[in-house]
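What follows is calculated from the coordinates using simple rules that are stated; it is not laboratory data. All of these numbers come straight from a predicted model, not from anything done at the bench. Note that each Cβ is placed from the backbone with ideal geometry, even for glycine, and that neighbours are counted across all protein chains shown.
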């Protein structure tokens, strides 16, 4: 199995100037594979505005920049990819819009069937969760570490673990087989700040 890496998710709402500083601090803390811009309750205009500010910060650190849900916005701003849920645009349509050179990840909750289907269609990663209670979104599906073990034993496509992951539980989820740990409040609300959070998380999962 490859080394587990961090996949940061932005808060749902934030002050753009202040969060730009927080993002730079986080990326200075150590290895981060990607950042997902996830602004569920914002207008397309606000998401595009944020993307234009935050994406260059990510790219300056060789970090992939992913847009949540909107394939159209991902294409418009030139993002590295998109993350789609089961209620969003279907994978096939997303691939037709973005082309073969962009990352497309798919939410699969706790479902082996959804994950296998996404993998067969060509998804670049599948996301399982929530593994722990989270304040970021309402969760009705709970995934177990055994699901990560099962996926790693059978498939080459990377898997992302999401939902309530923080410094207290990151190591066990990494050990279970997650290629990426998707983390939101575990970084941005870390008592010692985002730089310290990323440093600590990387120490725990290496």
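Summary of values
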item	result
Additional length obtainable on full extension of the chain from residue 171 to residue 117, 0.36 nm per residue less Cα span	16.6 nm
Gyration tensor over alpha-carbon atoms, segment 112-173, equivalent ellipsoid semi-axes in Å	21, 13, 10
Estimated 222 nm signal from helices in the chain, with DSSP H stretches of n ≥ 4 weighted -39500 (n - 2.57), rounded to 500	-12500 deg cm²/dmol
Cβ crowding within 10 Å averaged over residues, with 16-22, 188-194 ranked highest first	188-194, 16-22
Label-point separation, residue 203 to residue 49 (7 Å along Cα→Cβ), nm	3.9 nm
Residue-span extension gain [residue 97 to residue 40] - 0.36 nm each, minus C-alpha spacing	18.4 nm
Gyration tensor (alpha-carbon) shape descriptor, the chain, a/c threshold 1.5	oblate
Length added when fully stretched, residue 15-residue 189, from 0.36 nm per residue minus Cα-Cα	61.2 nm
